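Undergrad: Let me give you the structure first, and then I'll get to my questions.
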Amino acid sequence: MAQFKRPPKKHIDGIILLNKPVGPSSNGVLQTVMRLFNAKKGGHTGALDPFATGLLPICLGEATKVSGLLLDSDKRYTATLKLGEQTDTGDKEGNITQIQAVPALTQADILNVLSQFMGQIEQVPPMYSALKHQGKPLYYYARQGIEIERPARSIVIKELNLISFKDDTLVFDVMCSKGTYVRTLGEDIAKSLETLGHLTALHRTQTGELSGEDMLTLEEIEAQQFAAIQPIDIALTHLQRFDLSKEEVDLIQHGQMLSYPKPETEFVRLYDEGECFAVGEWSDKKQMLKPKRVFNLHLAKAERAEELK
């Protein structure tokens, strides 16, 4: 019997704005997308919990070189907080561990509490998280009922808006810095309202410059195929742009520096005939512009050209 031979994996470069569904892990949907395109390389930019939905940018091929910028960027979420019940995970996936009455709350009460969380605050990461302790994620210990002492970390809440409040359910919108656990924020808000709480829904609407308005479901991605893949520079629009000459492009591609004035942003995006081919950064030591990440886009182009013959 002839053995089935898998087709060779492809060089595919770009970013897909995935609308993650409830249920699968972020890595699970990443693998699904990579299988759809038979892509050689891919990564996501900031995991969402299985119960969470919304914007999960998938970086394919050379786009993985900008995933760090997206991981470090601010994120925006819509969160639904159920008051009166605490779970061991801080969300609806966990077991209820405690119940407490919900006091009579007015909108003014809630707005007053939300204002207390604005700006730089300290947050203790939850036990059900992927943070490492002695080489193992905290959730490994949590599942065995072991509590590990966690130091508080500084995070920044840039916006915190009340969307709605009815009975025991509060919906809020938050723009926050990297490393923020919205589950923990929800629990802390509930405590400040003199009750308990856990998240029943969490939907990410923004990652850095990327908006959830352009998200696609897995079904839409499968139907659109390559039309679902956006260029790498959609994640870089906040960086100053430089259009380079052929000579300058060659220098950057060979790791050389350019004599440019100091840019307005820490990193810059560099273009070759309208296509973003690199991210540059300023060297204070040399007072010149140097390459930070160079995208090798020719391999994917060659493969596509061969397929079209």
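Undergrad: What are the pairs, 6+ residues apart or on separate chains, where a residue within region 280-305 that is without any contact (Cβ under 8 Å) to a residue 40 or more places away in the chain has its Cβ under 7 Å from a residue that is surrounded by fewer than 15 Cβ atoms within 10 Å (Cβ to Cβ) and of a type in the set (S, T, N, Q)?
TA: 288/259; 290/283
Undergrad: When you go through 128, 77, 140 one by one, which is the residue that is within 20 Å of the chain's Cα centre (by Cα) and not in a loop (DSSP other than H, G, I, E, B)? Explain how you work it out, then say what you get.
TA: Numbers: 128 fails: not in a loop (DSSP other than H, G, I, E, B); 140 fails: within 20 Å of the chain's Cα centre (by Cα).
When all the criteria are applied, what remains is 77.
The rows are residues; the columns are (1) assigned by TED's automatic domain parsing to the domain that holds residue 185; (2) in contact (Cβ under 8 Å) with a residue 60 or more places away in the chain; (3) touching a helix residue (DSSP H, G or I) at 6+ places or on another chain (Cβ under 7 Å).
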| site | (1), (2), (3) |
| --- | --- |
| 36 | no, yes, yes |
| 41 | no, no, yes |
| 44 | no, no, yes |
| 63 | no, yes, yes |
| 68 | no, no, no |
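Undergrad: For region 143-179, which residues satisfy the criterion of being charged (D, E, K, R) and assigned to a loop (DSSP other than H, G, I, E, B)? Give the steps one after another, and end with the answer.
TA: First, pick out the residues of region 143-179 that are charged (D, E, K, R): 143, 147, 149-150, 153, 158-159, 166-168, 173, 178.
Once the filter is applied, which keeps residues that are charged (D, E, K, R) and assigned to a loop (DSSP other than H, G, I, E, B), region 143-179 yields 143, 147, 149, 150, 167, 168, 178.
Undergrad: Still on this structure: What number goes with the only condition from (1) more than 17 Å from residue 63 (Cβ to Cβ); (2) under 28 Å from the mean Cα position of the chain (by Cα); (3) among the acidic types (Asp, Glu) that residue 247 does not pass?
TA: Unmet for residue 247, out of (1) more than 17 Å from residue 63 (Cβ to Cβ); (2) under 28 Å from the mean Cα position of the chain (by Cα); (3) among the acidic types (Asp, Glu): (2).
Undergrad: Pull up region 31-50, narrow it to residues that are assigned to a loop (DSSP other than H, G, I, E, B) and either of a type in the set (S, T, N, Q) or in contact with a Ser or Thr (Cβ under 8 Å, 6 or more places away or on another chain) (or both), then point me to the one that is farthest from residue 206 (Cα to Cα).
TA: In the first step, residues of region 31-50 are kept if they are assigned to a loop (DSSP other than H, G, I, E, B); the result is 38, 40-41, 45-50.
Then drop every residue that is not either of a type in the set (S, T, N, Q) or in contact with a Ser or Thr (Cβ under 8 Å, 6 or more places away or on another chain) (or both), which leaves 38, 41, 45-48, 50.
Values: 38: 27, 41: 24, 45: 12, 46: 12, 47: 13, 48: 12, 50: 18 Å.
This residue is 38.
Undergrad: Would you confirm whether any residue within region 185-198 is under 15 Å from residue 90 (Cβ atoms), part of a strand (DSSP E or B) and in contact (Cβ under 8 Å) with a residue 60 or more places away in the chain? Let's see the steps before the verdict.
TA: Here is the first cut: in region 185-198, the residues under 15 Å from residue 90 (Cβ atoms) are 185-191, 195-198.
Next cut, part of a strand (DSSP E or B) only: 197-198.
Pick out the ones that are also in contact (Cβ under 8 Å) with a residue 60 or more places away in the chain and you get 197-198.
Yes.
The values are calculated or read from the model by the stated rules, or taken from the named source; none is laboratory data. A quick note: this is a predicted structure, and the numbers were derived from the prediction, not measured. Methodologically, a virtual Cβ is constructed for each residue, glycine included, from the backbone with ideal geometry; neighbour enumeration extends over all protein chains shown.
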